[in-house]
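A.B. asks: After the structure tokens below, expect a handful of questions from me.
The values are calculated or read from the model by the stated rules, or taken from the named source; none is laboratory data. As the structure is a prediction and not an experimental result, all values here were calculated from the model. With ideal geometry, Cβ positions are generated from the backbone for all residues, glycine too; neighbour counts draw on all protein chains shown. Calculation scope for accessible area: heavy atoms of the full protein, side chains included, ligands and nucleic acids excluded. Shrake-Rupley method; radii C 1.70, N 1.55, O 1.52, S 1.80 Å.
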Amino acid sequence: MSYVFHRHCHANLPIIDRGEGVYLFDKQGNVYLDACGGAAVSNLGHSHQAVKQAMLEQIERVPFAHTGFFTCDSSERLAELICRRMSDQFNHVYLVSGGSEAVESALKMARQYFVESGQPEKSLFIARQQSYHGNTLGALAVGGNEWRREPFKSILQPSHHIAPCYAYRHQKSGESELTYSLRAANELEAKILELGADNVMAFVVEPIVGATAGAVPATQGYFRRIREICDKYDVLLIMDEVMCGVGRSGSFFAFEQEDAEPDLVCMAKGLGAGYQPIGAVVANDKVYQAIASGSGFFQHGHTFMAHPVACAAAVATIESIEQQDLLQAVSQQGMRLRQELDHALVNLPYVGDIRGKGLFIGIELVADKQSKAPLPVSTLADKRIKRQAMQNGLMCYPMGGTIDGVNGHHVLLAPPFIIQPNHIDELVTKLARTLKEVSRQW
Ligand code: PLP
């Protein structure tokens, strides 16, 4: 009997005992190679001494001081470290406790920016189908993942969606990459014109779609055009890097690999590498100054925002990424993982697409490679793969509804940045074995 209200009420979960490097150990003595960081969280593995030490030192000095009364060294240092990684336009970081809080904060920041700039009629958000921006009501309302929204639709703020940039499914045969990028991005312009530019506040977008579609990066030129459209119609660009940020794609921010900068960028998950819950919104000077020189007060706030211990963990996480040269490791090991996956999975008839950037990789499963027809929903492929992988000592992150919230399946991989070639061999061997075992029951 468990008194915990688990996310799946009837799940029979193993009890975690300890973690070491890229491995987790349960109390029954089973060992799991962590190939997904839970949900792209555990970027430094499970026993990073520098992060633990930084948290202990902060707790020894002071575990908590409310942000209405004090600032603290760890939050000041964290905000500075993040801004140093960005262009001169970014000098203000709003620190919260997770991804949904970061997205909620960014949505409200966008709204307050327009209220303070004398454009209160701007009140609509546009996002993309198949995006996920969090589970709180505001973040869920902008998200485009239908099955997550469905039961709550009647209590969600209306929002508007365009198609994702999803070349595997939406690029027409014979269409060049650039033509497709422009066609996909121009949907934003059409939507803004349909709603009226005077009414649209912001476009919310994951630079690499994570959990819902399985590490789908944009095609070349997509974000340049998106930025142009946002500028033309005075629409803020909010990039949600909760899953793909903090080095996961091989650059600190995923948007660094695109030809566009956001106005607001949301971070979480890997920011504290799982050692502490933490999230952040970085605002550019335009947004910050409108509020600072207007009311001077962002009308938001949470009790645990800028928590000193969480900030200390995040400072140590970023410093470790720098000191251990982990961005380069992500690119190198990401390339290796891709090569090994291509080699091991290419001939499996149900592996349709392998994609992603750095150590953020999605494998889309299909019933037929030629037609790209999805596996029947009734295969429950995602649930079966997750269960079988755990039995094989592998944590991966499979999901259903890849294409439209109902159809399609993928497996998401997001292993710790400290992964070594022998772990990659183990990961690929275990994953290939799992897929073969499960596919016999399809
Ligand atoms: N945004 C994206 C892109 C995410 O992937 C997630 C979580 O998976 C969130 C927001 C919400 O973050 P959290 O679960 O920390 O609230």
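A.B. asks: Mind checking which residues of segment 68-111 are within 16 Å of the ligand (Cβ to nearest atom) and in a loop (DSSP other than H, G, I, E, B)?
C.D. replies: Result: SER97, GLY98.
A.B. asks: Among the residues of segment 57-67, how many are among the β-branched types (Val, Ile, Thr) and either free of Cβ contacts under 8 Å to residues at least 40 places away in the same chain or not in a helix (DSSP H, G or I) (or both)?
C.D. replies: Selection size over segment 57-67: 2.
A.B. asks: Among the residues of segment 1-23, what is the count of those that are closer than 20 Å to LEU412 by Cα, in the same structural domain as GLN333 (by TED's automatic domain parsing) and open to solvent by 30 Å² or more (accessible area, probe 1.4 Å)?
C.D. replies: Final tally of qualifying residues: 1.
Matching residues to (1) at pLDDT below 95; (2) closer than 29 Å to ALA313 by Cα; (3) open to solvent by less than 10 Å² (accessible area, probe 1.4 Å):
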site: ARG224; (1), (2), (3): no, no, no
site: TYR233; (1), (2), (3): no, no, no
site: PRO262; (1), (2), (3): no, yes, yes
site: VAL265; (1), (2), (3): no, yes, yes
site: TYR275; (1), (2), (3): no, yes, no
site: ALA283; (1), (2), (3): no, yes, yes
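A.B. asks: OK, next. Go through (1) of a type in the set (Ser, Thr, Tyr); (2) within 22 Å of GLY134 (Cα to Cα); (3) in contact with a Ser or Thr (Cβ under 7 Å, 6 or more places away or on another chain) for TYR222 and report which single condition fails.
C.D. replies: Checking TYR222 against (1) of a type in the set (Ser, Thr, Tyr); (2) within 22 Å of GLY134 (Cα to Cα); (3) in contact with a Ser or Thr (Cβ under 7 Å, 6 or more places away or on another chain), the one that fails is (2).
A.B. asks: Taking the criterion of being among the aliphatic types (A, V, I, L, M), within 16 Å of the ligand (Cβ to nearest atom) and farther than 26 Å from THR402 by Cβ, would at least one residue in segment 249-264 satisfy it?
C.D. replies: Looking for residues that are among the aliphatic types (A, V, I, L, M), within 16 Å of the ligand (Cβ to nearest atom) and farther than 26 Å from THR402 by Cβ, one finds at least one in segment 249-264, hence yes.
A.B. asks: Please list, ordered by residue number, the strands (runs of 3 or more DSSP E) wholly in segment 336-429 having 1 or more residues that are in contact (Cβ under 8 Å) with a residue 12 or more places away in the chain and at positive phi.
C.D. replies: Filter on segment 336-429 gives 351-357.
A.B. asks: Something else now. When residues of segment 24-45 are filtered for being open to solvent by 40 Å² or more (accessible area, probe 1.4 Å) and acidic (Asp, Glu), how many remain?
C.D. replies: 0
A.B. asks: Now a separate question. For VAL96, all conditions in the list (1) β-branched (Val, Ile, Thr); (2) open to solvent by 40 Å² or more (accessible area, probe 1.4 Å); (3) under 28 Å from TYR288 (Cβ atoms) hold save one; what is the number of the exception?
C.D. replies: (2)
A.B. asks: Going through LEU375, LEU431 one at a time, which residue ends up being within 23 Å of GLY38 (Cα to Cα) and either under 18 Å from the mean Cα position of the chain (by Cα) or surrounded by 21 or more Cβ atoms within 10 Å (Cβ to Cβ) (or both)?
C.D. replies: Matching residue, one of LEU375, LEU431: LEU431.
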